[in-house]
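**Q** Before I ask anything, here is the structure I am working with.
The values are calculated or read from the model by the stated rules, or taken from the named source; none is laboratory data. What you are looking at is a predicted structure, and each value in this text was computed from that prediction instead of being measured. Here the Cβ positions follow ideal geometry from the backbone for every residue, glycine too, while neighbour counts run over all protein chains shown. When the accessible area is computed, the model is the full protein with side chains, heavy atoms only, and any ligands, DNA or RNA have been set aside. Shrake-Rupley method; radii C 1.70, N 1.55, O 1.52, S 1.80 Å.
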Amino acid sequence: LAQKYANDIADLLAPQSGAYYDVWLDGEKFFSHEMEDAKVTADRAYNGYGTNFEGSPEPIYGNLFLPRKFKVAVTIPGDNSVDMFTNDMGLVVMTDAQGKLEGFNVLVGGGMGRSHGKANTFPRLADSLGFVPADDVFHIVKAVVAVQRDYGRRDDRKQARLKYLVDDWGVDKFREVVEQYYGKKMEAFRPLPAWKFMDYLGWMDQGDGKLAYGIYVQNGRVKGEAKKTLRAVIERYEIPVSITANQNLILRNISPAWKDDIISSLTAAGIKDVEQWDPLEAGSMACPALPLCGLAIAEAERGLPDVISRLRTVLGNLGLDSSEKFIIRMTGCPNGCARPYNAEVGFVGDGPNSYQIWLGGSPSCCRLAEVYRGR
């Protein structure tokens, strides 16, 4: 359900120009947009409460689009593998005891980006907005997007994210304006179990007789023999692959009969099982930074492995076990692409070979860290 609605919302909010539907490379079409769900089409066209521009080829956006990017995450209760609270909008799939879909808890106002030396830019975690029945989910998404479209800052790019609008208004006023576009009151946010950051690494039973295998990819980069072997295994068994929000890979729909061959092939190429990684490493993440990102002012992808090795040495000197772990993230600038501001330990580049240290995020990544030291 989470996957279906994530895809449906991507369809709902996609630009309607046909140029976004077919992509060609060297004369060969390698991507073609599939037909969207009929309800997505109908709900996009519905304009009972002013969410749409009538007669426009872009019914939601008109001729302006949004002030800036708009991120939506979908998950199930308790599963924070998508870092729900760092997104502009979050939807939690709510089902009854029999697993039948009832609706969605809605969160708004998260975001990581900030700028050094500008106190009016800051990371923020999303707030609970309310609950909507399943039939209304596309209408509430449109309503939230329309509020940001019509009231989000356009005069200052650094203030143009939804989080600043929610922070400025407060969630109660924001809800009131959303309800004007939604056409009715939202229901109360439903209780949820405690959140847990799920990494989905290692071998897993899919529940349908097939297996899935999560591979830790150090800072999101696959290269060399490992890349060739992964491609060969994926093509040999026609395995569908998911990329996680932590830059790792999940190989899905694996027949148990293939498991031994897959393990031996990957092992021979130097791809380690999660159990062979230091747990500090397996829970870490860094952005590409130097030399690939024009915004980077410090290393991240190339720097974090050595920092983690030094941290492990310090922990050992303090008498802590090698199984001790916490969430570590590093970025080469304050924009926060690797989400360092809700990690337990975050390193944020603030100059050549220099970092801010952020401490105090939770293992579930549901708490904002605080600056411990700069430079």
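**Q** Could you please state how large a percent of the accessible area of the chain is carbon and sulfur, counting protein chains only and using a 1.4 Å probe? Working shown, then result.
**A** Values: 9790 of 18760 Å².
Solvent-exposed carbon and sulfur of the chain make up 52 percent of the total.
**Q** To continue, here is another question. For the chain, state the semi-axes of the equivalent ellipsoid (square roots of 5 times the eigenvalues of the alpha-carbon gyration tensor), sorted largest first and rounded to whole angstrom.
**A** Values: eigenvalues 242, 151, 89 Å².
Result for the chain: semi-axes of 35, 27, 21 Å.
**Q** How would you classify region 300-375 from its alpha-carbon gyration tensor, with a ≥ b ≥ c the square roots of the eigenvalues: rounded for a/c under 1.5, else prolate if a/b is greater than b/c, otherwise oblate?
**A** Working: a/c = 1.89, a/b = 1.28, b/c = 1.48.
Taking the square roots of the gyration eigenvalues as a ≥ b ≥ c, region 300-375 is oblate.
**Q** Another question, then. List the Cys residues of the chain that have no partner Cys with a C-beta closer than 4.7 Å.
**A** If one checks each Cβ against the other cysteines of the chain, C293, C333, C365, C366 turn up with nothing under 4.7 Å.
**Q** Using only the heavy atoms of the protein chains and a 1.4 Å probe, how would K184, K228 rank by accessible area, largest first?
**A** On the way: K184 100, K228 140 Å².
Result of the area sort, largest leading: K228, K184.
**Q** Determine the distance separating the Cα centre of region 151-225 from the Cα centre of region 247-297; give it in Å without decimals.
**A** 23 Å
**Q** In Å and whole numbers, how far do the C-alpha atoms of region 143-241 stretch along each principal axis, longest first?
**A** Sorted from largest, the Cα extents of region 143-241 read 53, 36, 24 Å.
**Q** Let me ask you something else. How would region 97-161 be classified by its alpha-carbon gyration tensor: rounded, prolate or oblate, with rounded meaning a/c under 1.5 and the a/b versus b/c comparison settling the rest? Walk me through the numbers on the way to the answer.
**A** Working: a/c = 4.69, a/b = 2.02, b/c = 2.32.
The shape class here is oblate.
**Q** Ok, one more. Treating only the Cα positions of region 174-315 as identical point scatterers, give the base-10 log of I(q)/I(0) from the Debye formula at each q in 0.12, 0.14 Å⁻¹.
**A** -0.67, -0.81
**Q** Describe numerically, in nm with one decimal, the distance between label points set 7 Å from Cα along Cα→Cβ at K100 and at Y237.
**A** The two pseudo-label positions are separated by 3.7 nm.
**Q** What is the gain in length, in nm to one decimal, between K69 and A269 on full extension, counting 0.36 nm per residue of separation less the C-alpha to C-alpha distance? Walk me through the numbers before you get to the answer.
**A** Details: separation 200, 0.36 × 200 = 72.00 nm, distance 3.83 nm.
This chain segment gains 68.2 nm when fully extended.
**Q** Take each of the peptides 146-156, 129-139, 35-45, average the number of other beta-carbon atoms within 10 Å over its residues, and list them starting from the highest. Walk me through the intermediate numbers first.
**A** Working: 146-156: 16.5, 129-139: 19.3, 35-45: 13.9.
Averaged packing, sorted descending, gives the order 129-139, 146-156, 35-45.
**Q** To the nearest 0.05, what FRET efficiency results for K210 and N47 with a Förster distance of 45 Å applied to their C-beta separation? Walk me through the numbers before you get to the answer.
**A** Working: r = 43 Å, r/R0 = 0.96.
Given R0 = 45 Å and the Cβ-Cβ separation, E is 0.55.
**Q** Using 1/(1 + (r/R0)^6) with R0 = 56 angstrom and r between the beta carbons of T313 and Q180, what's the FRET efficiency to the nearest 0.05?
**A** On the way: r = 57 Å, r/R0 = 1.02.
With R0 = 56 Å, the Cβ-Cβ based efficiency is 0.45.
**Q** Under the Karplus relation 6.51 cos²θ - 1.76 cosθ + 1.60, θ = phi - 60°, what is the ordered set of whole-Hz ³J(HN,Hα) values for region 145-154, x standing for Gly and Pro?
**A** 4, 5, 5, 5, 4, 8, 10, x, 5, 10
**Q** Still on this structure: Please grab the % of Cα pairs in region 229-375 that end up more than 21 Å from each other. Display every interim value, and only then the final one.
**A** Values: 5597 of 10731 pairs.
Summing the P(r) of region 229-375 above 21 Å gives 52 percent of all pairs.
**Q** Taking a threshold of 27 Å on the Cα-Cα distance, which of the pairs K71/K185; K228/K272; K118/K184; K259/K325; K158/K185 fall above it?
**A** On the way: K71/K185 24 Å; K228/K272 15 Å; K118/K184 38 Å; K259/K325 29 Å; K158/K185 31 Å.
Beyond 27 Å between Cα atoms: K118/K184; K259/K325; K158/K185.
**Q** Could you work out [θ]222 nm for the chain from helices alone, using -39500 (n - 2.57) per DSSP H run of at least four and dividing by all its residues? Round to the nearest 500 deg cm²/dmol.
**A** -8000 deg cm²/dmol
**Q** Please give, to one decimal in nm, the separation of the simple spin-label points placed at L295 and K227, each 7 Å out from Cα toward the Cβ.
**A** Distance between the two pseudo-spin positions: 2.4 nm.
**Q** Additional query: Considering only protein heavy atoms, with the full assembly of protein chains and a 1.4 angstrom probe, order E370, E324, E238 by accessible area, largest first.
**A** Working: E370 135, E324 75, E238 155 Å².
The most accessible residue leads, giving E238, E370, E324.
**Q** Find the percent of Cα-Cα distances in region 40-176 that exceed 25 Å, and round it to a whole number. Write down the numbers at each step before the final one.
**A** Working: 2731 of 9316 pairs.
Here the tail beyond 25 Å accounts for 29 percent of pairs.
**Q** Here is a follow-up. Reachable aspartates and glutamates from K4, Cα under 20 Å, same-chain residues fewer than 8 places away excluded?
**A** E34, E36, D37, D43, D79, D83, D88, D96, E102, D135, D136, D208
**Q** A further question follows. Lys/Arg Cβ at +1, Asp/Glu Cβ at -1, dipole of the chain taken about the Cα centre: which of A268, G113, G214 is farthest positive-ward?
**A** Among A268, G113, G214, the one farthest towards the positive end of the dipole of the chain is G113.
**Q** Now a separate question. Would you kindly compute the Cα radius of gyration of region 250-296 and its largest Cα-Cα separation (Dmax), both in Å?
**A** When restricted to Cα atoms, region 250-296 yields Rg and Dmax of 15.7, 47 Å.
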